[in-house]
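K.L.:
Here it is, the structure in full.
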Amino acid sequence: MSVIEVVHYGNPILKKKCKTVIDFSELSNFIENMFDTMYEEEGIGLAANQVGVDMNLFVIDISHTDDNESPRVFINGQIISYEGECIFSEGCLSIPKVSLDVTRPEKIIFKYQDIYEKWHEEEFEGLLARAIQHEMDHLNGVLIIDLVSEMQRASVSQEVKKIKKNSELKLKQQSIARGFVL
């Protein structure tokens with residue numbers, strides 16, 4: 001399979017609420033490529049909009065930390081309920097080399113479809129619950145930088161400004177290559 005380029009902070013697709021997946025017929029290759037990309041980038045989760053695709057789909061693999069877990073695909077997900085609260089340092093493939101302490105619920109009830117269009121509703125906790133919430137935030141146009149205090153944002157502002165500037169420059173170069181300027 002192949003690795004897809006991860007889009008970074010500053011790309012407008014990261015601030016957009018993603019569309020519901022309706023056509024499941026062509027997802028297999030895309031999902032394999034998403035896993036390849038996630039592993040290449042050394043992440044544990046990856047949302048479709050992080051590779052520039054507007055669809056409610058994400059992949060997660062925490063099997064390296066939990067032998068009972070295998071790689072998972074979540075399509076058209078929605079958090080039904082949540083409880084508890086936990087603070088944990090999170091990174092993000094779309095904001096490389098930035099980690100922030102994010103407060104999230106400890107447990108969630110999550111409804112989603114699998115690749116065969118079958119609906120599931122499960123309770124998740126721990127790292128898997130956190131990863132699901134992180135990826136769902138992506139699909140709703142929310143990034144970790146949006147979830148922290150002004151003080152935390154300020155502590156990484158220089159790195160984030162650089163990432164955004166590079167992302168915007170890359171978008172401009174791509175639009176010029178396609179024959180038009182944004």
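No value in this document is a laboratory result; all are computed from the given coordinates. Being a predicted model, the structure only gives us computed values, none of them experimental. Positions of Cβ are generated from backbone atoms using ideal geometry, with glycine treated the same way; all protein chains shown enter the neighbour counts.
K.L.:
For the range 12-177, what Kirkwood radius comes out of the mean inverse Cα-Cα distance, in Å? Intermediate values should be presented prior to the final figure.
P.N.:
On the way: mean 1/r = 0.0600 Å⁻¹.
After inverting the mean inverse Cα-Cα distance, the result is 16.7 Å.
K.L.:
In whole Å, what are the extents of the range 1-71 along the principal axes defined by its C-alpha atoms, from largest to smallest?
P.N.:
Between the extreme Cα coordinates on each principal axis of the range 1-71 lie 35, 30, 22 Å.
K.L.:
Sticking with this one: So, with +1 on the Cβ of K and R and -1 on the Cβ of D and E, and no other charges, what is the size of the charge dipole of the chain about its Cα centre, to the nearest 20 debye?
P.N.:
Details: 19 positive and 30 negative charges, 261 e Å.
Result for the chain is approximately 1260 debye, rounded to the nearest 20.
K.L.:
If I model a spin label at residue 121 and residue 42 as a point 7 Å from the Cα along the Cα→Cβ vector, what separation in nanometres do I get?
P.N.:
4.0
K.L.:
What are the lysines whose alpha-carbon lies under 22 Å from the alpha-carbon of residue 161, with same-chain residues fewer than 8 places away excluded?
P.N.:
Excluding near neighbours in sequence, the set is 15, 16, 97, 170, 172.
K.L.:
Then there is this: Counting other beta carbons within 10 Å of each Cβ, put 94, 175 in order, fewest first.
P.N.:
175, 94
K.L.:
Around residue 77, which amide H atoms from residues at least 5 apart in sequence, or from another chain, sit under 5 Å from its own amide H, with H modelled in the peptide plane?
P.N.:
113
K.L.:
Separate question: Counting pairs of alpha carbon atoms under 8 Å apart in space and at least six apart in sequence, what relative contact order in percent does the range 24-180 give?
P.N.:
Values: 218 pairs, mean separation 29.7, N = 157.
Relative contact order comes out at 19 percent.
K.L.:
Mind listing the phi-derived Karplus ³J(HN,Hα) values for the range 45-52, rounded to whole Hz, using 6.51, -1.76 and 1.60 with θ = phi - 60°, and x for any glycine or proline?
P.N.:
For the range 45-52, the Karplus curve yields x, 7, 9, 4, 5, 6, 10, x Hz.
K.L.:
Please list, in chain and number order, the residues 5+ apart from residue 82 or on another chain whose amide H is under 5 Å from its amide H, with Hs placed from the backbone.
P.N.:
The list, which skips near neighbours in sequence, is 109.
K.L.:
I need the P(r) histogram for the range 74-119: all alpha carbon pairs, bin width 10 Å from 0 out to the longest distance, whole percents.
P.N.:
Pair shares across the bins are 24, 31, 37, 8.
K.L.:
If you plug each phi of the range 149-156 into the Karplus form 6.51 cos²θ - 1.76 cosθ + 1.60 with θ = phi - 60°, what whole-Hz ³J(HN,Hα) values come out, in order, with x for Gly and Pro?
P.N.:
Those phi angles translate into 5, 4, 5, 5, 4, 4, 5, 10 Hz.
K.L.:
Moving on to the next point. Per DSSP H run of at least 4 residues, take -39500 (n - 2.57); add these up for the chain, divide by its residues and hand me the 222 nm value, nearest 500 deg cm²/dmol. Don't skip to the answer; put the middle values down first.
P.N.:
On the way: 4 runs with 55 residues, N = 182.
Rounded to the nearest 500, it is -9500 deg cm²/dmol.
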